[in-house]
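Before I ask anything, here is the structure I am working with.
Here, each number is a calculation from the coordinates, and none is a lab measurement. The structure presented is a predicted model; accordingly, all values stated were derived computationally and were not measured. Glycine gets a Cβ as well: all are built from the backbone with ideal geometry, and neighbour counts include every protein chain shown.
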Amino acid sequence: MSPSASVADVVAALGAELPSGPTDPAGVVDLLVKGVEGGLTAMPSGRFFGFVIGGTHPAALAADWLTSAWDQNAGLRTVTPAATAVEDLAETWVLDLLGLHPGSAVGFVTGGTMANFTCLAAARGAVLARAGWDVGQDGLVGSPGVRVLAGTERHDSVDLVLRYLGLGAPELVPADDQGRIDPVALRRMLGDGDERPVVVVLQAGNVHSGAYDPFVEAIAVAHEYGAWVHVDGAFGLFAGASPAYRHLVDGYEAADSWATDAHKTLNVPYDCGLAIVRDPAVLRAAMSMHGDYLIHDDAGDPFEKVPELSRRARAFPVWAVLRSLGRSGVAELVEGLAGHARTFADGIAAIDGAEVLNDVVFTQVCAVFGDDARTREVVRRMLADGTAWTSGSVWHDRAVLRISVSNWSTTDGDVDRTLDALRAAAAG
Ligand SMILES: *Cc1c(COP(=O)(O)O)cnc(C)c1O
């Protein structure tokens, strides 16, 4: 599970010297494989439960290899029709599966962070435009300003992208014991007399508890105050594709933008995220550019929906996994991950001295095994044991062992073996 080689080991195995001349490419690939082997972490494993990452579905992996081999610069509709056609299809299918407005635009970005960035850039432009300010033309200096409200348990990437956007730190809205934003507090803060244009950032899937913000109430309140509502659903948005978990995202379709990863719950390789904006014109206003050498198409070009101009054709693997799984397969993927998390929660709760701290509603389980020192010791033993990869974290000021189920290939047997290892680690 954990690598046996350090960074220095891998450097030594590859050799630090820049060769003075050419090497046969096949020889280089052999050298690379031998040199890096020990430094690889078993992240594609069905027993990797660290962070919130996701595995790689075989159809997506093969499509990703082809994406590199085909080497399309996927920005322009008329220049790369294959990539654009597949992106158009994947866009339509994703919106359909998630139950989001079919006219929304989907930008294929590198991940959740850039999806949040792209959506919040659109949000910034839209709320300032409503206040009569053109941020594209006149910048932020001298503008009416934008206030951004987010829950105390938002993902840190929200703060990061607000820095990119020159909007500063968000104002924090209190959350409940599961990390869900409190709509009553949100209303109080929105009604405090601050007249600046406002953006509210909600969350579908808390990285510790898996919890979802109460979208129906929170979006209604935010819209009452004229706010743009963005939903960060990096791993959690795909609950919307499962009839069994759809209730978690009830009402989220009323938001203005949504960010999700394809490289997490959807199990495509890195790096792939989806920036979804209800009003395509607003996204285009934030992200498009002009170049006399670009061959524009009236139907809209893929580059107009993302921060990058040149980029790989990220939609190929997204289309491939959706084409392979179909509607029911995506639902089963989501239900499988969440079902395994449920089994983990039940298994851990039965261990002497262990306690699951969160309501396990989706794919995340946060557990303690006694005091902080004891929990950290269990985390350490699990890593040393190597049956599975689970990470530690801190949630609500307590050290926790966090299990995140996000790989399509995890089996019941993987969960059983990991629970055995946990029992041993907790007992030892
Ligand atoms: C992972 C995650 C992000 C960041 O996504 P990246 O793909 O790592 O950039 C943002 N928000 C949430 C809730 C996440 O889980």
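Can you work out the FRET efficiency for the pair ALA281 and SER328, with r the C-beta to C-beta distance and R0 = 35 Å, to the nearest 0.05?
0.55
What number comes out for the charge environment of ASN267, summing +1 per Lys or Arg and -1 per Asp or Glu over other residues with Cβ under 13 Å away?
Working: positive: LYS264; negative: ASP64, ASP261, GLU332.
Counting the neighbours of ASN267, the net charge comes to -2.
For segment 1-49 and segment 406-428, what is the separation of their Cα centres, given in Å?
Answer, in whole Å: 28.
Which FRET efficiency value, to the nearest 0.05, is calculated for HIS223 and GLU308 with the Förster distance at 35 angstrom and r the Cβ-Cβ distance?
0.65
Looking at the chain, send over the antiparallel percent of its DSSP beta bridges, to the nearest 5.
Working: 23 of 39 bridges.
So the antiparallel bridges amount to about 60 percent of the total.
Name the long-range amide H neighbours of THR152: under 5 Å, sequence gap of 5 or more, or other chain; modelled H, no Pro or chain starts.
Amide H neighbours of THR152, under 5 Å, 5+ apart: VAL173, ALA175.
Right, next: Please turn the phi angles of segment 123-138 into ³J(HN,Hα) values with the Karplus equation 6.51 cos²θ - 1.76 cosθ + 1.60 (θ = phi - 60°), one per residue in order, whole Hz, x for glycine and proline.
4, 4, x, 5, 6, 6, 4, 5, 8, x, 10, 9, 5, x, 7, 10
Given a cut-off of under 8 Å on Cα pairs at least six residues apart, what relative contact order in percent is computed for the chain?
Across the chain, relative contact order equals 24 percent.
Something else now. Residues of segment 364-390 with the amide nitrogen closer than 18 Å to a label point 7 Å from the Cα of ASP420, along Cα-to-Cβ, please.
Only 382-390 fall inside the zone, counting backbone N under 18 Å.
Just ASP71, ASP177, ASP192 to compare: in a GNM of the chain, with alpha carbon springs under 10 Å, which one fluctuates most?
ASP192
Percent relative contact order of segment 277-428, based on C-alpha pairs within less than 8 angstrom and at least six residues apart?
On the way: 162 pairs, mean separation 27.8, N = 152.
Averaging sequence separation for qualifying contacts and normalising by length gives 18 percent for segment 277-428.
Taking θ = phi - 60°, what integer Hz values does the Karplus form 6.51 cos²θ - 1.76 cosθ + 1.60 yield along segment 320-327, in sequence order, with x for Gly and Pro?
4, 6, 5, 5, 6, 7, x, 4
Rounded to whole Hz and in sequence order, give me ³J(HN,Hα) for segment 245-253 from the Karplus expression 6.51 cos²θ - 1.76 cosθ + 1.60, θ = phi - 60°, writing x for Gly and Pro.
10, 4, 4, 4, 9, 2, x, 5, 5
Mind checking the full-extension length gain between MET289 and ASP352? Use 0.36 nm per residue of separation minus the Cα-Cα distance, one decimal, nm.
16.7 nm
Taking amide hydrogens as modeled 1.01 Å from N in the peptide plane, which residues meet the under 5 Å criterion relative to PHE48, leaving out close sequence neighbours?
TRP389
Mind computing the radius of gyration and Dmax over the alpha-carbon atoms of the chain? Å is fine for both.
22.7, 68
While we're here: Under a point-charge model restricted to the Cβ atoms of Lys and Arg (+1) and Asp and Glu (-1), what is the dipole moment magnitude of segment 58-321 relative to its Cα centre, in debye to the nearest 20?
Its charge dipole is roughly 140 debye.
Ok, one more. Please state the relative contact order of segment 205-317 as a whole percent: Cα pairs under 8 Å, 6+ residues apart?
On the way: 123 pairs, mean separation 21.4, N = 113.
Rounded, it is 19 percent for segment 205-317.
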